[in-house]
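Rule-based calculations on the coordinates, nothing more; no lab input. Just so you know, these numbers come straight off a predicted model, no measurement behind them. With ideal geometry, Cβ positions are generated from the backbone for all residues, glycine too; neighbour counts draw on all protein chains shown.
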């Protein structure tokens, strides 16, 4: 089954971003993809009204969720919708989570992952200070879901620096792990490839690392280099900068062989605790 990872250069105009994303999803579907991963903040970058965007979506008054369902139905495509601001279910006035949604090819919401680790970091770039917790609440669940291409674990961007999350996903049966991201140019140049390859190697999962890759309002510059990494840690497809669609096939037989020949999971002696798992 084919997998697609998408790189975007999202701006502040939500409708223009959705139009761009639709074009890229159409390319993914035309290339035979059954599952496509959009990047973090695919619908908006550089906005100061994320809370209002999330509230509108929760109340059924925003454009993003209807667009997402329609795209999945029209294209017969499972979609991991990077992130969008979305309050907890049935709490439209609550603080939004940075929410990654999995939608099936009938346009139904199958799983929701709220980003666990928020990017409250100082970076040596032209912005300097990043405080995601100003706009978002932390998530509290590990999420995996079954799809036609395999059992998928959901993560987002800064999560990549916390390997215990990925161990939990492997324990929950993940075969592929999504990591929609918007790494800064500085942190991406230093760590992006190391992180996505390490998470693939230690979990023996495919890592589907969608990305933002250029300049955005804010000001903000993102690293790009969206990639598909196989369970041996090989980068099988990559996009340096700008928008694009990456395609690859999942080789489930090779993945099973890697896990059988090097059974790292059964050799584990340290186990994390304290995170609620949603299987």
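Some values worked out for this structure:
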read-out: Cα pair count fraction exceeding 24 Å, expressed as % - the range 2-278; value: 44
read-out: Distance histogram for the range 84-142 (every C-alpha pair counted, 5 angstrom bins, percent rounded to whole numbers); value: 4, 18, 21, 20, 15, 10, 6, 4, 1
read-out: Distance between modelled label sites at residue 12 and residue 73, nm, 7 Å Cα→Cβ extension; value: 3.3
read-out: Quarter of the Cα convex hull surface for the range 124-197, i.e. its orientation-mean projected area (nm²); value: 5.9
read-out: Two-decimal ratio, the range 1-155, of alpha-carbon radius of gyration to 2.2 N^0.38 Å; value: 1.02
read-out: Degrees between helix 252-261 axis and first principal axis of the chain (Cα, 0 to 90, nearest 10); value: 50
read-out: Least to most buried among 93, 57 (fewest other Cβ within 10 Å first); value: 93, 57
read-out: Relative contact order [Cα under 8 Å, 6+ residues apart], the range 82-169, whole percent; value: 24
read-out: Of 263, 180, 217, the one that fluctuates the most in a GNM where the chain has Cα springs shorter than 10 Å; value: 263
read-out: MRE, 222 nm, helices only [DSSP H, n ≥ 4, -39500 (n - 2.57), over the chain, to nearest 500]; value: -7500 deg cm²/dmol
read-out: Considering only the chain, percent of DSSP beta bridges that pair antiparallel, nearest 5; value: 65
read-out: Relative contact order of the range 2-278, defined on C-alpha pairs under 8 angstrom at six or more residues apart (%); value: 21
read-out: Label-point separation, residue 232 to residue 189 (7 Å along Cα→Cβ), nm; value: 3.2
read-out: Ranked 45, 50, 262, criterion: other C-beta atoms within 10 Å, fewest first; value: 262, 50, 45
read-out: Additional length obtainable on full extension of the chain from residue 110 to residue 266, 0.36 nm per residue less Cα span; value: 53.2 nm
read-out: Rounded to 10°, Cα long-axis angle of helix 193-203 versus longest principal axis of the chain; value: 50
read-out: FRET E, pair residue 129, residue 257, Förster distance 35 Å, beta-carbon r, rounded to 0.05; value: 0.15
read-out: C-alpha long axis of helix 14-30 to longest principal axis of the chain, angle in °; value: 30
read-out: Neighbour-count order for 78, 232, 192, 67, fewest beta carbons within 10 angstrom listed first; value: 232, 67, 192, 78
